[in-house]
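Throughout, read-outs are computed from the coordinates displayed, never taken from laboratory work. Just so it is clear, the model here is predicted, and its values are computed rather than measured. No Cβ is skipped: glycine too gets one built from the backbone with ideal geometry, and neighbour counts run over all protein chains shown.
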Amino acid sequence: MIRAVVLCGGESKRMGSDKGLLWHASGNWVTLASSKFEKLNIPVSISINPAQLQTYRDFFSSEQLIIDQTNAKGPLQGLLSTHLKHPEDDLLLLACDMTEMDSETLKFLLDSTLAAPGFDYYVYVLKDFIEPLCAIYSSISLKKLQQSLEQGSLTVFSLHKIIKKGNYKTVPIHKPESFNNHNTTTIKLPV
């Protein structure tokens, strides 16, 4: 089964506040991302850090919230924490700050896994640049990464580098604007 993971657990150093709670025309960024997966009938988990738990309970059930619990760094921490809770699921990762992502682009990625099964990673690529924050990570590859982390042999936490070392399938980007990451804003959702 494929499970969506909306990544919200970062430190938001460049943004200055919790990105998932920033306001968009139709809601905050995390609920906007979550709704795209709900349209595709995919179960959704929300990756957060421990400090975000109380606030995010206002928007999601405790079952949907995945608190960072590994020694990994960056987005890999959210991926592996979700993998620990749902070890049989392949994970479709989406960063909450990709507010222009659309359901059609996500569905195209899902369809690519059906058309060419057996890869560790399915990633969008534009001009040789891999987009790791909207990609599918197989449960098998995540299990290997978790084992390496537990054994102390995982020293690289960059998703780009991890993907390039694995067996990955690239998918062409048809709408580059869907992959915009927003790292600054002036409109914030009151907390």
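Structure above, values below:
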{"read-out": "Length released on extending from LYS164 to ASP58, taking residue separation times 0.36 nm less the Cα-Cα span", "value": "34.4 nm"}
{"read-out": "Antiparallel bridge percentage (DSSP; both residues within the chain; nearest 5)", "value": "40 percent"}
{"read-out": "Rel. contact order, % - alpha carbon contacts under 8 angstrom, at least six apart, the range 96-184", "value": "47 percent"}
{"read-out": "Relative contact order computed over the chain (Cα-Cα under 8 Å; 6+ residues apart), in percent", "value": "26 percent"}
{"read-out": "Out-of-range pairs (alpha-carbon distance over 29 Å; input LYS85/LYS127; LYS39/LYS144; LYS144/LYS175; LYS39/LYS164; LYS36/LYS169)", "value": "LYS85/LYS127; LYS39/LYS144; LYS144/LYS175; LYS39/LYS164"}
{"read-out": "Farthest positive-ward along the range 21-115 dipole, Cα basis, beta-carbon charges - from ALA33, ILE67, LEU80", "value": "ILE67"}
{"read-out": "Estimated 222 nm signal from helices in the chain, with DSSP H stretches of n ≥ 4 weighted -39500 (n - 2.57), rounded to 500", "value": "-9000 deg cm²/dmol"}
